[in-house]
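Read-outs throughout are calculated quantities, based only on the coordinates presented, and are distinct from any laboratory measurement. Keep in mind the model is a prediction, meaning the values are calculated, not measured. For neighbour counting, all protein chains shown are included, and Cβ atoms are generated from backbone atoms with ideal geometry for every residue, glycine included.
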Amino acid sequence: MSVFQTYEQNNAAYASDFDKGALPMPPAKHVAIVTCMDARVEPASQLGINLGDAHVIRNAGGRAQDAVRNLVISQRLLGTREILVFHHTDCGMQTFKTEQLRGIVKDAAPGDSAVVNAVDKFDSFLEFTDVEGSVTEDVVFLKNHPLILAETTVTGWVYDVKTGKISRVV
Ligand SMILES: [Zn+2]
């Protein structure tokens, strides 16, 4: 059985007693969380976020630079006014350099100029070495970004995948 079949069954059970269909579109807590796509990170349970409460914006590393498009929509159209940068320990972004990843992609498609051109368009895959450093960098980036509202409360956090605990960095 493929994973999608399992998920299809799970959803049938979920929808069978679903009673949240009247929730409004804007997040009730006026908050956006920028976090990593890591499979061990699940802000809803780790932070106690209920359906309809928050925008959870995910990408590799939870990098703010990748989240700006989402945050403009979140703030200007859907009323969020607080941002949590939520990175985590043992992140995959600490395991490679952009040049290495470019090499992996190119080596898998020898002589394919479309692949070379496409992967070279990424100046950086936004990897990092120090998770507290990445959190601080992203909070500063958002606080100084011209498209992020000046009155936004921006905090930075690290989630520990071994203990399940969070700690505030900034
Ligand atoms: Zn990660």
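The length gained by stretching the chain between ILE73 and PHE122 to full extension, at 0.36 nm per residue less their Cα-Cα distance, is 15.3 nm.
Charging the Cβ of each Asp and Glu at -1 and of each Lys and Arg at +1, and nothing else, the dipole of the chain about its Cα centre rounds to 320 debye.
Distance from the Cα centroid of region 132-154 to that of region 110-125 is 30 Å (rounded to whole angstrom). Under 12 Å from a label point 7 Å along Cα→Cβ of GLN46: give me every residue in region 69-103 with its amide N that close. So the set is 85-92. Amide H contacts of VAL154: ILE83, each under 5 Å away and 5 or more positions distant or on a separate chain (H built 1.01 Å from N in the peptide plane; Pro and chain starts excluded). Listing MET93, MET1, MET37 from fewest to most neighbouring C-beta atoms within 10 Å gives MET1, MET37, MET93. The slack in the chain from ASN10 to LEU101, taken as 0.36 nm per residue of separation less the alpha-carbon distance, amounts to 29.2 nm.
For the pair ALA60 and THR136, a Förster radius of 22 Å applied to the C-beta separation gives a FRET efficiency near 0.75, rounded to the nearest 0.05. Non-local lysine pairs in the chain, meaning eight or more places apart or on different chains, with alpha-carbon distances under 17 Å, amount to 4. Relative to the present Cα-Cα distance, how much length would full extension add between ASN144 and ARG168 at 0.36 nm per residue of separation? Net length gain for the segment: 6.7 nm.
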